[in-house]
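Please read the structure below before turning to the comments.
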Amino acid sequence: MGTRIKNLQVTRVVDGDTIKVLLNDKREFLRLDCVDTEEILNHDSKPRTNAGIAASEMARQYFMNEHGFLTKVDIEFDSNEPVEVCLEKYRDHHGRLICCVHKQGENYNLKLIKEGWSPYFIKYGSSRLYHQEMMLAEAEAQAHNRMIWNRQTNESSAFRNYTILMPWWSLRASIVDDFRRYGQPNGVLSVRLDYPKILLAAMKQQSITIFCDLQEGITKWIGNSGIIHTGTKDRSLKLWIPEASDNKYAPIVHLINKRYTGLGRGYVYISGQVTMYRDKPEITLTHLQQLSDFCPVFPGASSTNSPALTYNNTQK
């Protein structure tokens, strides 16, 4: 069992996988962990679908009590850390709490998967607590053609191509699993999970290795220099590529664009000196060797014989 906060009043149902609760006298958005119901509005690469509309209506009914009022729920984090730690660490890019929701003993996240409202969504890593249950729930929903797994559900609307998405999610989940197994025990820092440690290292201008997601690629250009913002809304780290169009640094941009962005690997290990710039931590990327697909140090192996994959500036 993960860390739980009990008896929270639901104040709003946004859609099938996002609700709002009253927590510590503040209305908090919850982004339900390891699920991703379809959309009620067109959103970036996600289309509005019949399944999304139906999931939203189901959720509105589910979180209503017998008197027609919004009910109370428990939330559970994918960790057994103290509540105050979970409230800081387990948030998505928009600042929403990432958790499971339980109503009267039922795991709503698991219900969404089992009834076919959502796939087992592992784009950001598999569930530590409910991986097996969620895998079995997804298989059951697929076997019985429930909701999103039934072609007729979205026959008159757009649909999501899970044949393409699920292998990509599995790739990303395997990378996160390796980070949990090798990276964290060896001191690699996650921008989202270890932000205070990154800030402290930046103040001391130390060299560190971070694990981050480059799916969005370069987010801003200042002249010929590229900036990548990684992390979350409140826990952001900047990667700076000086003179990115110059022949010396262009291979870094090519590698990021072709290997990590979009439907690429996304996750990467970045090594370098971290400093503070305008109250935010920043690492300057000047060498391909600063990027690696694997943890720089594995258990029982020295850095010289570690199977880490890094890149050579002379590669073309």
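Taking every C-alpha pair closer than 8 Å and separated by at least 6 residues, the mean separation divided by the residue count of the chain gives a relative contact order of 14 percent. Pairs with C-alpha atoms separated by more than 22 Å, drawn from the list LYS26/LYS233; LYS89/LYS238; LYS20/LYS89; LYS26/LYS123; LYS233/LYS280; LYS197/LYS238, are LYS26/LYS123. Taking every DSSP bridge with both residues inside the chain, close to 85 percent are antiparallel. Among [x] 172; [y] 141; [z] 160, which one is volume of the Cα convex hull per residue in Å³ computed from these coordinates? Here the calculated entry is [z].
Averaging 1/r over each pair of different alpha-carbon atoms in segment 1-113 and inverting the result gives 14.4 Å, the Kirkwood hydrodynamic radius. Pairs of Cα atoms nearer than 8 Å and 6+ residues apart set the relative contact order; for segment 4-160 it is 26 percent.
Across segment 157-204, counting alpha-carbon atoms alone, Rg and Dmax equal 16.3, 54 Å. As a proxy for reagent exposure, ranking ARG278, ARG160 by other Cβ atoms within 10 Å from fewest up yields ARG278, ARG160. Of the DSSP H helices in the chain, those with a Cα length along their own long axis of 15 Å or more and a mean Kyte-Doolittle hydropathy reaching -0.5 comprise 50-62, 131-143, 162-178. Among MET134, MET276, a tally of other beta-carbon atoms within 10 Å of each Cβ gives an order, fewest to most, of MET276, MET134.
Where a number appears in this text, it was derived from the coordinates with a stated rule and is not lab data. Predicted model only: the values in this text are computed from it and were never measured. Quick reminder, even Gly has a Cβ in these numbers, built from the backbone with ideal geometry, and neighbours come from all protein chains shown.
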